[in-house]
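One structure is given below, encoded as C-alpha cells.
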Amino acid sequence: MITPTTENSRTITLPIAGMTCVTCAGRIEKVLGKLAAVESASVNFASETLALTYDGNAISPVQLAESVVKAGFSVPPETVRLQIGGMTCTTCAGRIEKVLRRVSGVSTAQVNFAGEIATIAITPGSTSSEKLIAAVERAGFRATPTSSAEAAREEQEHVEAKRAARELWMLIAAALLTAPLIAPMLLMPFGIEWMVPGWIQLLLATPVQLIAGARFYRGGFAAVRAKSANMDVLVALGTTAAFLLSLSLLSTGGHLYFEGAAAVITFVRFGKWLESRAKRSTTTAIRSLMALRPDTARVRRGDSEIEVPPDTVGPGEIVVIRPGERIPVDGTILEGNSQLDESLLTGESLPQDKGVGDEVTGGAINGSGLLAVETTRVGSETTLARILTMVQDAQATKAPIQQTVDKVSAVFVPIVIVASLLTFAAWMLLGHGMEVSLITSVSVLVIACPCALGLATPAALMVGTGAAARAGILIKDATALESTKNVDLVIFDKTGTLTQGRPELREILAEDESELLALAAAVQHGSEHPLASAIRKAAAERSLEIAKADTFQAIVGKGVHATIDGNEVYVGSPRWMHAHNWDMQAWQARAHELEAEGMTVVWVATEGRIVGALAIGDSPRESSKSAIESLHALGIKTVLLTGDNRAAAEAIGKELGVQRIVAEVLPADKADEVAAMQAKGHVVAMVGDGVNDAPALALADVSFAMSSGSDVAMHTASVTLMRPEPTLVGDAISLSKSTTRTIHQNLFWAFAYNSIGIPLAALGYLSPMIAGGAMAMSSVSVLANALLLRRWRPRNG
C-alpha cells in the first residue's frame, strides 16, 4: 500500500518476513532510519509490517525493499494477476513475460497461454496494475485486471496455509526425535530408571539441532552480520554450546546434554508455532473486513447486465444487486426496496430499511429485495476501503509506551549474553567445573525472551483496534487509543450529535405564513446548513413558488442574507437581528416559549424590519440520554457546546442530563472553549459532526466525529463513529481502558518473567530444557492475554 503525503513525501507499508523477535524489528528500523531519504520507519512485529515515510524523488520502493533484504530479512512479493488477450501462440506468452520483467519492481512474471492469465510478483508499492497493463499493451496485446481482491486473498491464505503446514510437520518431527531424549527425566519421578545410549542420543539430537534448528542459525547469522543480536542468537548459542559439550563428553564419559539442546529447539519451535496462530488471530478484524467486498459487480450496460470486477465500475454506472448478495460499491438506490445488514461495517446488529434515494455502502448484505444502485464511490474512495485503511494505519502505528519498550529491547539481548558470560565465570570461580558452569550459562541464554516484550503492546493494540472496528468505532492511531482512557470531560456539539440532525419546521410566526416561508426558502437556496434544509423541505412540501436570489452571502454563526427582487432579505439568529436594532416585539413572547421547548427560532427581516420567524425543532437521539448517563457512571463530566440560542440549548441539555451548557458560541470560538477546559486541567474529548467543529476537534486531546457528518470533521478526528450513536463515545473510552490495562498486564508479565527467570537460571535452579519451555510459553501467554480483548463488547451493542 502506497499513498502520497506532501509533494515529494510518500508513505508505504511493506510486509516483512524473517523476523523472530522484537530485536529484529528494531534492527530493520535502525537500518532504514540511516537512509537519508527515509523520514520515518516503524515496524509492527505482531503484524509483520513496515510503515515507511520517504522522499519519493530520492529513493524507490524497490530500493527500500533491497535495504530490508540487506538487513537480513525479506519482503514477500505482492501478486498481481492480469487477463491477457491477443495471444496466438506460446511465443506471445514469452514476449509478454519479457516485457513485464522489464517493469521496475517486477521480480517474476509468468504467462499461462492456455488460461490467458499473467501472474506477476512485484515489490509492494513499486508499481501498479495500470503500469503493467500499459507495458502489455505496448507489446501489442490486451490486458485487464482479474478479480484481484479475491484472488489475492486466496493466494495469501494458500501461502500461509503451506507455511503453517511446513512448520507443523517440522515441529512434529522434532518432537518425535526429542521424546526419547527427555523420556528418562519424565520417568524418573515414577521410579523408572532408563537411559538412552549415548550414540543413539547423538543420532536423535543431530537432525533436531541441524535441521529443526536451522532457522535459528539463519536468523542469528543475519543478525550478527547486521551487527545486532536477537532471540535467534540466544537459542543458537545456547543449544550449540550444549550440543558441542555433549559431543565432547560422548567419548570421555559423563552426563550428556543432548536432551537439553533438542528440547530447547523443540519447545521454542512449538512456542513460535502457537505464536503464529495467535498472531493470525489478532488480524481477524482486518481479514473479516477484507472479505466483505464481493469479487464481482453486476453492471447494467445497455440492455444487458454483465459481471465485472468492482474496481472496473465507474461512478454513475448502475449496479444490480440481487437478494442475499453483497453490495460491491457505494451508491444511491434508484430502484427497489430492501433491508441491508451493515453489522460488520457499522456494528449495528439490526438490518436497516433502505429505499429509493437512500445511500448504500459497499460490503453490506442485501436482504430480500432486488436493488438498482447508482455508483457514487469506487475503489479506495469507498467507505469499506477507508475503514480498512484507517484500521490498518492504526495497527501500523506505535503507542507512546512502545517507544520505551523498544529502547529496552534494543539492549536486551546483549545484556543477556553478558549475563550468561558472567554466570559462566562466577560458577567457574566457585569451583563447579566447566560442565556445570556451561550448562548454567546456557540456561540463562535460552530463558531470556525479548519476544514477550516486543509483542506486549502491538498485539493488544491490534486486537483492540479490531474489536473497535467491529463495534463501529474507527481509531486513527495507537496514540488516540492510548490517550482516550485519560478523558475526564466530554464536550458534545448539539445538532447532528446529540440530536437527530434532521430538523423540521414546527411553527411559523407571521401574518402570511406561506409568503414568509417562500421568502426564507429563497434566501436559503444556496445554504448547506441543516436548518436551511428544513426550511427548503417545508416549502417544497407546500409546493410554494420560490423566487430566485440575485446574491447570496452566509455570515458564519449569524445567518444568511440575499437580494430578492431588489430587496435585501436577512434570515438568521436573534442576536443578528438585535445587532441591526430591528423590532422583534410582535412575536418575541411566542418565540421565547418555543425556545424553552428546545426549538431554534430563525428570524426573517426585509426592507429594514422583522416580518416573522420560523421555529425549527430537532429531536434528541434515542440513545443520547443513556450515552450521557454512561459517561457520568465512568466519572466523566459532560458539556453541551452549541451556537444555538440559550433557551433551546438548555431545554435539550436538561432533558438529556448534560452537566454544563454553553450556548450561542460562534464556530470560531468553539476551539477557545476547548482550550479553556484544558487550561483547567481537564483531558478533553470533543464530539462533533460538522465543518464548523473541525477547529475544536483538532484542538481537543481526543476528538470523535460522526460518520454521518462532514468529511472535514472525520479527517480531523482521532476517532470516527461509523453510526451516529453517542453511546459509542463511552464504549470507545471503555475499550481504551481495557486495551491499556491489557498492555500494562502484558508488559508486567514480560518484565516479571525475565526479571525472575534469568536470576533463577543463573543460580542453577532451571535446566536448559525447562528454561527453553518457559521461554517458549512467555510470548504465547502475552498473545493469549491480548486475545482476551476479543471478548469485549460495546455496552449498548
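Taking the average, over residues, of other Cβ atoms within 10 Å as the packing measure, peptides 263-276, 739-752 rank 263-276, 739-752 from highest down. At q = 0.16 Å⁻¹ the log10 of I(q)/I(0) for the range 196-338 amounts to -0.89, computed by Debye summation with a single uniform scatterer per C-alpha, solvent ignored.
Within the chain, what whole-number % of the accessible surface is contributed by carbon and sulfur, with the 1.4 Å probe and all protein chains included in the calculation? Could the numbers behind the result be given before it?
Numbers: 19730 of 34990 Å².
Ligands and nucleic acids excluded, carbon and sulfur give 56 percent.
When the listed pairs Lys34/Lys476; Lys354/Lys537; Lys34/Lys227 are checked against a 23 Å cut-off, the alpha-carbon distance exceeds it for Lys34/Lys476. When you count the other C-beta atoms within 10 angstrom of each residue and take the mean per peptide, 479-486, 40-47, 19-26 line up highest first as 19-26, 40-47, 479-486. So for the chain: antiparallel DSSP bridges make up what percent, rounded to the nearest 5? Counting only bridges with both partners in the chain, antiparallel ones make up about 85 percent.
Please state, to two decimals, what the Cα-based radius of gyration of the range 511-620 comes to when divided by 2.2 N^0.38 Å (N = residues). Don't jump to the answer; show the numbers that get you there.
Numbers: Rg = 13.0 Å, N = 110, 2.2 N^0.38 = 13.1 Å.
In units of the globular-protein estimate, the range 511-620 measures up at 0.99.
Scattering from the range 438-500 was approximated by placing one identical point on each alpha carbon and applying the Debye formula without solvent; log10 I(q)/I(0) at 0.15, 0.17, 0.18 1/Å stands at -0.70, -0.80, -0.84.
Note on the range 479-575: Rg/Rh from C-alpha atoms, Kirkwood Rh, equals 1.15.
To the nearest 10 degrees, how steeply does helix 433-447 sit against the main Cα axis of the chain, on a 0 to 90 scale? With rounding to tens, the tilt is 20 degrees. Percent of Cα pairs in the range 9-140 per distance bin of 10 Å, from zero to the largest separation: 12, 39, 25, 17, 6, 0. Treating the Cα atoms of the range 712-797 as identical point scatterers in vacuum, please give the log10 of the normalised Debye intensity I(q)/I(0) at q = 0.20 Å⁻¹, two decimals. Evaluating at q = 0.20 Å⁻¹ gives log10 I(q)/I(0) of -0.95. Taking every C-alpha pair closer than 8 Å and separated by at least 6 residues, the mean separation divided by the residue count of the chain gives a relative contact order of 12 percent. Prolate is the label for the range 36-112, because the ratio a/c of its alpha-carbon gyration tensor axes (a ≥ b ≥ c) is 1.5 or higher and a/b is greater than b/c. For helix 61-70, what angle does its Cα long axis make with the longest principal axis of the chain, in degrees from 0 to 90 and rounded to 10? With both axes taken from Cα atoms, the answer is about 30 degrees. In terms of overall dimensions, the C-alpha atoms belonging to the chain reach 115, 73, 51 Å along their principal axes, ordered largest to smallest. Normalised by the number of residues in the range 287-428, what is the relative contact order in percent for Cα pairs under 8 Å and 6+ residues apart? Relative CO of the range 287-428 lands at 24 percent.
Restricting the calculation to Cα atoms, the range 382-518 shows an Rg/Rh of 1.42 when the hydrodynamic-style radius is the Kirkwood one.
What are the equivalent ellipsoid semi-axes of the range 315-387, built from the alpha-carbon gyration tensor (square roots of five times its eigenvalues), in whole angstrom, biggest first?
On the way: eigenvalues 53, 49, 17 Å².
Three semi-axes, in Å: 16, 16, 9.
Averaged over its residues, the chain has an accessible area of 44 Å² per residue, based on protein heavy atoms and a 1.4 Å probe. Against the main long axis of the alpha-carbon atoms of the chain, helix 667-679 sits at an angle near 50°. Per-residue packing, averaged as other Cβ atoms within 10 Å, sorts the ranges 207-216, 234-243 into the order 234-243, 207-216, beginning with the highest.
Under 5 Å from the amide H of Val490 lie the amide H atoms of Lys637, Thr638, Val639, Ala685, each residue being 5 or more positions distant or on a separate chain, with H modelled from the backbone and absent for Pro and chain starts. The relative contact order of the range 309-369 comes to 42 percent, based on Cα pairs under 8 Å that sit 6 or more residues apart.
Rg over Rh for the range 505-556 works out to 0.94, using Cα positions for both radii and the Kirkwood form for Rh.
Computed from phi, the 3J(HN,Hα) profile of the range 290-303 under the Karplus parametrisation 6.51, -1.76, 1.60 (θ = phi - 60°) reads 5, 7, 6, 6, x, 7, 9, 10, 9, 9, 8, 10, x, 9 Hz, with x in place of Gly and Pro. The fraction of all Cα pairs in the range 321-458 landing in successive 5 Å bins from 0 to the largest distance is 2, 9, 13, 11, 8, 6, 6, 6, 6, 6, 6, 5, 5, 5, 4, 2, 1, 0, given as whole percents. Estimated from helices alone, the mean residue ellipticity of the chain at 222 nm is -16000 deg cm²/dmol (sum of -39500 (n - 2.57) over DSSP H runs with n ≥ 4, per residue). With bins 5 Å wide beginning at 0, the percent of Cα pairs of the range 565-617 falling in each bin runs 4, 22, 32, 23, 12, 5, 2, 0.
The values are calculated or read from the model by the stated rules, or taken from the named source; none is laboratory data. Because the structure is a prediction, the values reported are computed rather than measured. Please note: Cβ atoms are built from the backbone with ideal geometry, for glycine as well, and neighbour counts cover all protein chains shown. We work out accessible area using only protein heavy atoms, side chains counted, and drop any ligands, DNA or RNA first. Shrake-Rupley method; radii C 1.70, N 1.55, O 1.52, S 1.80 Å.
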